[in-house]
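Asks: What follows is a structure written as structure tokens; I'll ask about it next.
Bear in mind that the values in this text are calculations on the coordinates, not laboratory data. Just so it is clear, the model here is predicted, and its values are computed rather than measured. Neighbour counts run over all protein chains shown; Cβ positions are idealised from the backbone, glycine included.
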Amino acid sequence: MSIEDRLNELGIALPEAAAPVASYLPVVVEGGFAHVSGQLPFVEGSVVTGRLGENVTPDEGQAAAHACGLMILAQLKQAGLLEKVRRVVKLGVFVSSTPEFTGQPAIANGASDLMAEVFGDAGRHARAAVGVAALPLGAVVEVDAILAVEMD
Amino acid sequence: MSIEDRLNELGIALPEAAAPVASYLPVVVEGGFAHVSGQLPFVEGSVVTGRLGENVTPDEGQAAAHACGLMILAQLKQAGLLEKVRRVVKLGVFVSSTPEFTGQPAIANGASDLMAEVFGDAGRHARAAVGVAALPLGAVVEVDAILAVEMD
Amino acid sequence: MSIEDRLNELGIALPEAAAPVASYLPVVVEGGFAHVSGQLPFVEGSVVTGRLGENVTPDEGQAAAHACGLMILAQLKQAGLLEKVRRVVKLGVFVSSTPEFTGQPAIANGASDLMAEVFGDAGRHARAAVGVAALPLGAVVEVDAILAVEMD
């Protein structure tokens, strides 16, 4: 089954791939790896803002991480790579957090679970999840990714 | 000398490899690289918690980073990769820090020095060390790694 | 045109490559990728210190990120890799930020724009930019890099 078909089966509609906020590219492929730039949680065209431990609940944070994951998929699709993913290798998950909030793993699962749903075993990945002081545009979460892709 | 023998010579006993806190894998190998997920400092089964500049001394922080390094080795061993390490390529070191604490490099040496002790020249690596607002489970330090491994 | 010639044409003089602050290497090459350690903004031998949202303006922050980028180039030159860069693959940009500062992308452009100026299309890269609580030596910005390099 293609990944597009799998997304349809799951009832997942990808967002429009967000243009980079600044001077960089959404995806770079070299040596069999695709590096996807840090993606923010866009929902209906707006960034989900806030900070865990302050004004965002864990469920909202997890939903925001899921939205970051969807944007990673949207960027891969736009780059013509969605059907060429051999393996999700690593996710880097940066969670806007107060010093007291220590539940970053559950937040990050919003992105991690999506990858496993969409890619199956090939979607299971290594990960680092950390709490950061602030994110671009006030975003709740930012997620970057390394994937192994088929080389032409 | 095998790495297991070298660990014995150094008097280092690896901890039990910690199960991932959530939906991800401890290690993923692709294209000759092993990506190890962010590891927390477990000592006798408990996470070492706290924040540099607040309630953790630099020596305690460095010991926590050493514990993260041991957990990276334990994960490699469990994945059957410990004797296949060709090179430690990169460590990412995230230190729970107050805004005033700027001694992250010395903390990170707890993990870096371990790699050099265990792997010799092959253990010398690139690194980024930064101070973050908060870490999973309240951990003092989190360290992830990229290693070059022999391909079968 | 060589990269050295291009730097001359741009009027860019690289700084002296900074020695690692601790137990690690500035650059490690494996499998066609060069991993460059997190570089701090040295200007005339001193680290540019401060925090965005507190005592550093966005223009100063962007200039500091540019200085980090120059140091990445200086490390590549010292490692004999400057003329072997095939592609800048990924920059990781860590911006010392108050919880209120959300302009990390513009800061990070100080490093990103430099790469595009020096390497042209090969300098366009993936990126993650986040705001962190604190950085080594009190630095304003830290930037690490992955580059694809020609293998001998």
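Asks: How big is the dipole moment of the protein assembly as shown about its Cα centre under a simple scheme where the beta carbon of each Lys and Arg is +1, that of each Asp and Glu is -1, and everything else is neutral? Debye, nearest 20, please.
Replies: In debye, rounded to 20, the protein assembly as shown gives about 280.
Asks: Something else now. Hey, got the dipole for region A:16-80? About the Cα centre, +1 on K and R Cβ, -1 on D and E Cβ, debye to the nearest 20?
Replies: Around 160 debye, computed over region A:16-80.
Asks: Kindly give the distances from B:Glu117 to its copy-mates, label point to label point, with each label point 7 Å from Cα along Cα→Cβ, as nm values to one decimal ordered shortest first.
Replies: Between copies, matching label points for B:Glu117 lie 4.5, 4.5 nm apart.
Asks: Can you check what the net charge comes to around B:His125, using other residues whose Cβ is under 9 Å from the Cβ of B:His125 (Lys, Arg +1; Asp, Glu -1)?
Replies: +4
Asks: With 22 Å as the limit, write out which pairs from B:Lys90/C:Lys90; A:Lys90/B:Lys90; A:Lys77/C:Lys84; B:Lys84/C:Lys77; B:Lys90/C:Lys77; A:Lys90/C:Lys84 have Cα-Cα distances beyond it, or answer none.
Replies: Beyond 22 Å between Cα atoms: A:Lys77/C:Lys84; B:Lys84/C:Lys77; A:Lys90/C:Lys84.
Asks: Counting only other chains, what is the mean number of Cβ atoms within 10 angstrom of the Cβ of each residue in peptide A:50-60?
Replies: Neighbouring Cβ atoms belonging to other protein chains average 1 per residue here.
Asks: Give the chain C residue with the shortest beta-carbon distance to the rotation axis relating chain C to chain B, plus that distance as a whole number of Å.
Replies: In chain C, the Cβ lying nearest the symmetry axis toward B is C:Ala133, 3.
Asks: If you plug each phi of region C:134-150 into the Karplus form 6.51 cos²θ - 1.76 cosθ + 1.60 with θ = phi - 60°, what whole-Hz ³J(HN,Hα) values come out, in order, with x for Gly and Pro?
Replies: 6, 10, x, 6, x, 4, 6, 9, 9, 10, 10, 8, 10, 10, 8, 10, 5
Asks: Okay, moving on. Helix A:104-119 versus the longest principal axis of chain A: what angle, 0 to 90°, nearest 10, using Cα atoms?
Replies: Its long axis makes an angle of about 20 degrees.
Asks: Right, here's the next one. Quick one: dipole size for region B:2-152, taken about the Cα centre, charges +1 on Lys/Arg Cβ and -1 on Asp/Glu Cβ, in debye to the nearest 20.
Replies: Result for region B:2-152 is approximately 340 debye, rounded to the nearest 20.
Asks: In what sequence, highest mean first, do C:14-21, B:6-13, A:21-28 appear when ranked by Cβ atoms within 10 angstrom?
Replies: A:21-28, C:14-21, B:6-13
Asks: Okay, moving on. Which value in deg cm²/dmol, rounded to the nearest 500, describes the helix-derived mean residue ellipticity at 222 nm for chain C, given -39,500 (n - 2.57) per DSSP H run of n ≥ 4 and division by the residue count?
Replies: Here the helix-only value at 222 nm equals -9500 deg cm²/dmol.
Asks: When the Kirkwood radius is taken over all Cα pairs of region C:34-152, what Stokes-Einstein diffusion coefficient follows at 20 °C and 1.002 mPa s, in µm²/s?
Replies: 153 µm²/s
Asks: In nm, one decimal, shortest first: how far is the label point of B:Ala19 (7 Å from Cα along Cα to beta carbon) from the matching points in the other copies?
Replies: Relative to the other copies, B:Ala19 has label-point distances of 4.7, 4.7 nm.
Asks: With the Cα gyration tensor of region A:73-126 giving a ≥ b ≥ c as the square roots of its eigenvalues, does the rule (a/c under 1.5 for rounded; else a/b larger than b/c for prolate; else oblate) give rounded, prolate or oblate?
Replies: Here region A:73-126 falls in the prolate category.
Asks: Let me ask another. Charges on Cβ only, +1 for Lys and Arg, -1 for Asp and Glu, centred on the Cα centroid of the protein assembly as shown; of B:Gly31, A:Phe101, C:Gly138, which one is farthest towards the dipole's positive end?
Replies: B:Gly31
Asks: Taking the Cα centre of each part, how many Å lie between region A:21-55 and region C:70-137?
Replies: What the calculation gives is 16 Å, centre to centre.
Asks: Take every residue in peptide B:36-47, count the Cβ atoms of other chains within 10 Å of its Cβ, and give the average of those counts.
Replies: Averaged over the peptide's residues, the number is 2.
Asks: Work out from phi, with θ = phi - 60° and the Karplus expression 6.51 cos²θ - 1.76 cosθ + 1.60, the ³J(HN,Hα) of each residue of region A:37-51, listed in order in whole Hz, and give x for Gly and Pro.
Replies: Using θ = phi - 60°, the values come out as 4, x, 9, 9, x, 8, 10, 6, x, 10, 6, 7, 10, x, 9 Hz.
Asks: Please label the shape of the protein assembly as shown as rounded, prolate or oblate, based on the square roots a ≥ b ≥ c of the eigenvalues of the alpha-carbon gyration tensor (a/c under 1.5 means rounded; beyond that, a/b larger than b/c means prolate, else oblate).
Replies: Judged from the Cα gyration tensor, the protein assembly as shown comes out rounded (a/c under 1.5).
Asks: Sticking with this structure for a sec: Do you know the relative contact order of chain C, to the nearest whole percent, from alpha carbon pairs under 8 angstrom that are 6+ apart?
Replies: Result for chain C is 34 percent.
Asks: Okay, next question. So what are the ³J(HN,Hα) numbers for region A:7-17, from phi and the Karplus equation (6.51, -1.76, 1.60; θ = phi - 60°), rounded to whole Hz, Gly and Pro as x?
Replies: For region A:7-17, the Karplus-derived couplings read 4, 4, 4, 7, x, 9, 9, 6, x, 4, 4 Hz, x marking Gly and Pro.
Asks: List the distances, in nm to one decimal, from the label point of B:Thr98 to the label points of the same position in every other copy, shortest first, placing each label point 7 Å from Cα along the Cα-to-Cβ direction.
Replies: From this label point to the equivalent ones elsewhere in the assembly: 1.8, 1.8 nm.
Asks: Within a 10 angstrom radius of each residue's Cβ in C:101-112, how many Cβ atoms of other chains show up on average? Whole number is fine.
Replies: Average per residue, whole number: 5.
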